[in-house]
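Colleague: Quick one: the structure is below, questions incoming.
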Amino acid sequence: VYFPAPHLDRCTTRVLTMDQLHGISVSKRDQLVESGYDLTDIARRGADMFLKMVFRDGFYHADPHPGNLMVLQDAVIGVLDCGMVGRVDEELREQVEDLLIAAIDKDTDRLLDTVVQLGELPPDFDRSRLRSDLVEFLDDYGSQSIDQFDLGGALNGMTEIIRRHRILLPSRVSLLIKMLVMLEGTAQQLNPSFSIVELLEPYR
């Protein structure tokens, strides 16, 4: 993995001068294939890098669209544009892990408790109605195996339920969910059958 280094002697308050990377953008899948790169390996290593930033380091690049990633010489993954970043403290990290693992394990009560802890509840919050919606939500995703689990769809569906119940999520949670959805989309652009959920196993 390579992040462009800044050249401080050539930077000002208005100009940021960094290394120029030479490679193939992840957005150019055909060129990557023609160059003989293993797209599954690149998708796996790239996704693993972002998950480690979140769950190990607590500080992550929050905009992993294909145009911000390159494949450099020797299949090194270059990461561009660190203008949007997120921070994750220990409490949020554990809550996000609980949210993802509860959805994967089809654990309604754990999922309900995590959603309640994550957000700010409205005065007329109806816990039983939210639980009913989560049961239906897990039924929709419960038949998916780990290697077929649609993480992006699950996170978008979960976000829709949370909005429907007028639960207000902190901006840092919304940013992290958006990043994970985008990350899965980028990885699947390289390999449509790639499952990011398998990489979450170490955090269970």
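Colleague: Within segment 38-90, which residues are more than 19 Å from residue 200 (Cβ to Cβ) and without any contact (Cβ under 8 Å) to a residue 12 or more places away in the chain?
Modeller: 74
Colleague: Could you check segment 22-49 and list, in sequence order, the residues that are open to solvent by less than 20 Å² (accessible area, probe 1.4 Å) and assigned to a loop (DSSP other than H, G, I, E, B)?
Modeller: Once the filter is applied, which keeps residues that are open to solvent by less than 20 Å² (accessible area, probe 1.4 Å) and assigned to a loop (DSSP other than H, G, I, E, B), segment 22-49 yields only 26.
Colleague: Continuing with this model, one more query. In this structure, does residue 150 turn out to be closer than 30 Å to residue 22 by Cβ and open to solvent by 20 Å² or more (accessible area, probe 1.4 Å)?
Modeller: no
Colleague: Let me ask something additional. Pairs under 6 Å by beta carbon, first residue modelled with pLDDT under 90 in segment 174-199, partner open to solvent by 30 Å² or more (accessible area, probe 1.4 Å) and in a helix (DSSP H, G or I), six or more apart or different chains?
Modeller: What qualifies is 194/188; 195/147; 197/146; 199/48.
Colleague: Which residues, counting only those in segment 59-85, are open to solvent by 10 Å² or more (accessible area, probe 1.4 Å) and in a loop (DSSP other than H, G, I, E, B)?
Modeller: 63, 65, 76, 80, 81, 82, 83, 84
Colleague: Considering only residues that are of a type in the set (A, V, I, L, M) and farther than 20 Å from residue 111 by Cβ, which ones fall in segment 83-100?
Modeller: 84, 85
Colleague: Right, something else. Given the options 96, 88, 135, 115, name the one that is at pLDDT below 90 and surrounded by 12 or more Cβ atoms within 10 Å (Cβ to Cβ).
Modeller: Going through 96, 88, 135, 115 in turn, the sole match is 96.
The values are calculated or read from the model by the stated rules, or taken from the named source; none is laboratory data. As the structure is a computational prediction, the values presented were derived from the model and not from experiment. Virtual Cβ from ideal backbone geometry, glycine too; neighbours counted across all protein chains shown. To get the accessible areas, we keep the full protein, side chains included, count just its heavy atoms, and leave off ligands, DNA and RNA. Shrake-Rupley method; radii C 1.70, N 1.55, O 1.52, S 1.80 Å.
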